[in-house]
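The values are calculated or read from the model by the stated rules, or taken from the named source; none is laboratory data. Since we're looking at a predicted model, the values are computed, not measured. Glycine gets a Cβ as well: all are built from the backbone with ideal geometry, and neighbour counts include every protein chain shown. Note: accessible area is taken over every heavy atom of the protein model, side chains too, but ligands, DNA and RNA are not part of it. Shrake-Rupley method; radii C 1.70, N 1.55, O 1.52, S 1.80 Å.
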Amino acid sequence: QVQLAESGGGLVQTGGSLRLSCAASGCTVRRNAMGWFRRAPGKEREFVAGINWNADSTTYADSVKGRFTISRDNAKKTFYLQMNSLKPEDTAVYYCALRTFLMETVYESEYMYWGQGTQVTVSS
């Protein structure tokens, strides 16, 4: 059974940084793309970043380009989202998700497995 577990969320001031981790279990991830999504209070869940199976392709939402970096360590079956220059509008529950295909996509319906989410709060 595939399970994803996010960690690393918390409370940070504007301009600060956090690194989210997503640990996968019950599967190998070497040939799986993955993505990070977020849901802010009162809003729909939205795409944040995605990475393909061998990390030579990444995609970012315009709102986080230049501030967030997605990466992966297949040996550890762990994915990361480094978030710098955080803004109050980044406050959300962040979810990692895994595809059963090689390439990342921005569409949440194309990700089969999801974590429970981790809260990120950016204070002004």
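Structural remarks
- All positions within the stretch 88-97 that are touching a Gly at 6+ places or on another chain (Cβ under 8 Å) and either over 19 Å from E44 (Cβ atoms) or open to solvent by less than 20 Å² (accessible area, probe 1.4 Å) (or both): Y94, C96, A97
- Counting only strands (runs of 3 or more DSSP E) that sit completely within the stretch 41-111, those holding 2 or more residues that are touching a residue at least 12 places away in the same chain (Cβ under 8 Å), closer than 16 Å to L4 by Cα and of a type outside the set (A, V, I, L, M, F, W, C) correspond to 68-73, 78-83, 92-98.
- Filter pass, K43 being open to solvent by 20 Å² or more (accessible area, probe 1.4 Å) and under 22 Å from S123 (Cβ atoms): yes
- All told, V48 falls short of being more than 15 Å from the chain's Cα centre (by Cα), modelled with pLDDT of 95 or more and surrounded by 17 or more Cβ atoms within 10 Å (Cβ to Cβ).
- Filtered by the rule that a residue be among the hydrophobic types (A, V, I, L, M, F, W, C) and closer than 19 Å to T14 by Cα, the stretch 51-107 gives V64, F68, L81, M83, L86, A92, V93.
- Scanning the stretch 3-40 for residues that are under 17 Å from the mean Cα position of the chain (by Cα), in a loop (DSSP other than H, G, I, E, B) and polar (S, T, N, Q) returns S17, N32.
- Residue match in the stretch 26-36 (condition: open to solvent by 60 Å² or more (accessible area, probe 1.4 Å), more than 19 Å from E104 (Cα to Cα) and touching a strand residue (DSSP E or B) at 6+ places or on another chain (Cβ under 9 Å)): no
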